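All of the numbers you see were taken from the coordinates with simple rules; none came from a lab. Keep in mind the model is a prediction, meaning the values are calculated, not measured. As a convention, Cβ positions derive from the backbone with ideal geometry for all residues, glycine included, and neighbour counts pool all protein chains shown.
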Amino acid sequence: MADKRDYYEILGVARTATHAQISDAYRKAAIKNHPDKNPGDQAAIRRFKDAAEAFEVLNDAEKRSRYDKFGHAGLGGQSGGGGRHFSDIEDIFEAFGDFFGGGSFGEMFGGGGGGGRGGGRRRPRKGDDLRVDVAIDLIEAARGCKKTIRFERSRKCGDCEGSGAKPGSIAQPCSYCGGRGQVVQQAGILRVQTTCPACRGAGSVVKDPCKSCKGGGYVAEQVAREVAIPGGVDTGMRIRVPGEGQPSPSGGPSGDCYCFLTVREHPLFQREGAHLICRVPIGYTQACLGAEIEVPTLDGRREVKIPAGTQPGDILTLRGCGMPDPHGGRRVGDLHVQLDLEVPKTLAPKQEKLLRELAEVEHTNVSPHRKNFLERLRDYLMPGDDAEQEKAS
């Protein structure tokens with residue numbers, strides 16, 4: 001990626017540029033280098049594609065953040081898309097068709113022919129994308145899994161075959177746009193094509209609607225699909241399921257379905273990126289003398305050695321026991337075992353005796369022995385006994 005130009009340089013903006021400044025810079029670059037304004041100029045087409053690629057990244061907060069940190073290398077293979085290379089002008093028209101306030105970016109300069117209210121031939125539009133929220137637990141996120149997602153989308157009405165008209169009748173061409181579904185508005189040197197307000201882009205008007213779909217041409221259906229989720233994913237990532245979105249109303253390709261992931265919290269492990277933290281309690285004697293204890297990992301229990309003199313809060317690191325890389329599957333994270341000193345709330349008589357002897361050796365002030373209820377009751381009923389015994393001794 002060493003030959004890739006800096007995206008900020010392509011748009012001519014500073015790295016601290018605001019979203020509005022980036023949008024304005026792209027708008028100017030697109031108008032200046034638009035193929036319809038520069039017919040046959042391959043250099044202008046190259047600049048037009050480069051500007052679109054730069055804008056596609058810098059206009060997205062998440063992609064821009066990755067680019068700022070890692071450059072072009074931070075965009076490769078990211079779930080949900082990265083720095084996208086536009087190999088065809090049509091891809092740009094499809095991606096940013098609504099950026100200039102209208103439908104067809106490709107016909108801003110009248111390249112599609114026609115004029116007045118009519119515009120040119122309508123370009124098939126891709127169907128809308130769908131979103132599905134998917135929740136998984138940490139173990140599934142670490143190992144990868146398959147999930148069945150269920151969602152609702154539209155399909156062509158079987159009675160009218162998507163026309164919206166009652167069987168036996170046909171939809172009439174829209175008189176406002178001449179059946180094109182688009183109208184063109186002139187604004188200085190720009191001719192912006194927008195969706196026809198009369199037919200809403202359909203190009204036709206249904207006079208006698210189909211009863212099954214009420215003239216819409218589509219009915220809702222429930223869909224179930226199995227999705228493979230790679231190991232290492234985290235909350236906020238998304239999985240693209242191509243072609244499973246809404247159908248195109250104009251004969252284009254269907255949209256995509258995006259699975260937005262949420263990884264539920266685990267009772268033992270706290271996640272920080274690719275690393276895991278596990279808090280493990282140890283006793284006073286284990287901390288002082290050292291010990292071998294079992295700690296949980298994603299792959300089961302594992303024995304670790306606690307060195308003598310361990311302090312509360314000390315951390316033992318188990319390399320490669322964290323989360324894998326979602327793009328390669330290799331374990332890149334570590335497991336940090338934080339050792340917490342556990343103080344028992346109650347002691348057995350022998351434990352208390354030994355600890356008091358230790359306190360005497362260390363010359364440590366400790367609370368006096370707490371009498372139990374029977375001892376306190378005896379002292380209350382027979383207060384002279386202790387005095388007599390003390391006097392006799």
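Some points to look at:
- Burial ordering of Thr285, Thr195, fewest other beta-carbon atoms within 10 Å first: Thr285, Thr195
- When each of Ile282, Ile10 is scored by the number of other beta-carbon atoms lying within 10 Å, the sequence from fewest to most is Ile282, Ile10.
- In the range 189-277, taking the dipole from charged Cβ atoms about the Cα centre, the farthest positive-side position among Val241, Ala224, Val206 is held by Val206.
- Straightening the chain between Asn59 and Asp128 buys 22.8 nm, computed as 0.36 nm per residue apart minus the Cα-Cα spacing.
- Projected label distance in nm at Lys32 and Ala73, using a 7 Å step from Cα toward the beta-carbon: 3.1
- Set of the range 328-345 residues, backbone N closer than 14 Å to the point 7 Å along the Cα-Cβ line of Ile277: 334-340
- Taking label points 7 Å from Cα along the Cα-to-Cβ direction, Gln338 and Thr148 give a separation of 4.0 nm.
- Theoretical FRET efficiency, 1/(1+(r/R0)^6), r = Cβ-Cβ of Glu265 and Cys288, R0 45 Å, to 0.05: 0.85
- Cut-off under 5 Å, modelled amide H: who pairs with Gly245 long-range: Gly255, Asp256, Cys257
- Taking other residues whose beta carbon is less than 15 angstrom from the beta carbon of Ile293, and scoring Lys, Arg as +1 and Asp, Glu as -1, yields -2.
- Taking amide H atoms as placed 1.01 Å from N in the peptide plane, the amide H of Val227 lies under 5 Å from those of Lys147, Thr148, Ile149, each 5 or more residues away in sequence or on another chain.
- Additional length obtainable on full extension of the chain from Thr18 to Asp137, 0.36 nm per residue less Cα span: 39.1 nm
- Extending 7 Å from Cα along the Cβ direction at Val361 and again at Asp234 yields two label points whose distance is 4.7 nm.
- Within straight-line reach of Lys32, meaning a Cα separation under 28 Å, sit the following lysines at least 8 residues removed in sequence or on another chain: Lys4, Lys49, Lys63, Lys126.
- Segment Ala44-Lys4, extension gain: residue separation times 0.36 nm, minus the distance between their alpha carbons: 12.7 nm
- The HN-Hα couplings worked out from phi for the range 275-283 by the Karplus form 6.51 cos²θ - 1.76 cosθ + 1.60 (θ = phi - 60°) are 9, 10, 10, 10, 8, 10, x, 10, x Hz, whole numbers, x standing for Gly and Pro.
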